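Comments concern the structure below.
Here, each number is a calculation from the coordinates, and none is a lab measurement. Not measured: the values here are computed from a predicted model. FYI the Cβ positions are ideal-geometry reconstructions off the backbone, even for glycines, and counts take in every protein chain you see.
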Amino acid sequence: MGLHSPFWGSPSSKANFCEEDYLVTKYIAEFVNTLTNLAYVLYAIYGLRQLRRKSNVDFFRALPYWGLMAVGICSGIFHTSLHYHTQMMDDLSMLFTTTPVLHRVLTVNSDRRNSSLTAIILASALAIVVAYHMATDELLLHSVTFVASIFIIGVRTIQLINTRVPGNSVTRTQIWGMVRFGAVIFHLGYAVWILDGWVCGFLRSSRRAIGLPWAFLLELHGWWHIFTGIGAYIFIAVIDYLVSDDEHLDVEGSFAWPAAWASQSIFAGMGSSSRGEAAKKQE
């Protein structure tokens, strides 16, 4: 237990991460893990604001961003209290985010009837998983469902890039730059999440030796929130472009940092390489 008496009572959740409980304040069980959930909320707000500038934006197009915001809110509530029921909110919010994205990539060019049928099937499957997860408090089906959704979204994203974006174009290069960056930073987040559990003893002793506020940098689960927030936002924004009728990809105006920076840096590097190869051929 931390330095402060827990305002929310003793933790009842199955998951409890490496951050020491109630170390900063009695009102927040895991201070850094709670605060870093703002990454999801801020990226969701940015995405929704960008959508407002476009035409033909309906509720379903905005739904993935609302789901991303829900992840940040539910996860923040969970890390604040560390209660069983708030852990359920955190777990299930991930599925409520991936499901609308999955629907979008599966129903590209579908008519209203097929799109509605797919929505009903996905909603029914989600309801079954949610009910089973809450009734049995198991993690296997929940984890398999989430990973399968991410895998399908990733495969369909690659297919959409290859079929809907002209080859050897600036737009395709920009999209691939962002997709690669999003995938790398998402996997980096997963890596630090695993590391947070493996070397928890070392991290805690190191944080005590360093002291606040620099010790906050060693709260690796907090970095998981930040990295996966960035990665999730990039994929939602890229998929929105791929399945919408937007005529062009405005990297500077449509993508928040560091997505635009990553794309431009990778694009610049590839462009310089291509110009160098062209010069050599001319010689």
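Here are the numbers for this structure:
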read-out: FRET efficiency, 1/(1 + (r/R0)^6) with R0 25 Å, evaluated for I158 and S110 via beta carbons; value: 0.85
read-out: Taking only Cα atoms of segment 57-178, radius of gyration then Dmax in Å; value: 16.6, 51
read-out: Distance in nm between pseudo-label sites at W257 and W66 (7 Å out along the Cβ direction from Cα); value: 3.0
read-out: Tail beyond 26 Å, pair distance distribution of segment 31-271 (Cα, percent); value: 42
read-out: Unit charges at the beta carbon, dipole of the chain: most positive-side option, T163, T97, T228; value: T163
read-out: Length-normalised contact order for the chain - Cα pairs under 8 Å, 6+ apart - percent; value: 22
read-out: Virtual spin-label span in nm between T118 and T171, 7 Å along Cα→Cβ; value: 2.0
read-out: Rounded FRET efficiency, nearest 0.05, which uses the C-beta distance separating S10 from R180 and R0 of 30 Å; value: 0.10
read-out: Sorted by Cβ density within 10 Å, fewest first, the residues T118, T136, T98; value: T136, T118, T98
read-out: Between helix 84-106 and the chain: long-axis angle, C-alpha atoms, 0 to 90°, nearest 10; value: 10
read-out: Assigned charges on the beta-carbon of Lys, Arg, Asp, Glu; segment 31-271 dipole about Cα centre (debye); value: 260
read-out: Extension gain, S205 back to Y27 (0.36 nm per residue minus Cα-Cα distance, nm); value: 61.7 nm
read-out: Packing-based order for 177-186, 198-207, using average beta carbon neighbours within 10 Å, highest first; value: 177-186, 198-207
read-out: Cα-based equivalent ellipsoid of segment 1-44: semi-axis lengths in Å, sorted from largest, via gyration tensor; value: 21, 12, 9
read-out: Sequence of M69, M134 once ranked by neighbouring C-beta atoms within 10 Å, starting from the fewest; value: M134, M69
read-out: Length-normalised contact order of segment 90-249 in % [C-alpha pairs under 8 Å, at least 6 apart]; value: 26
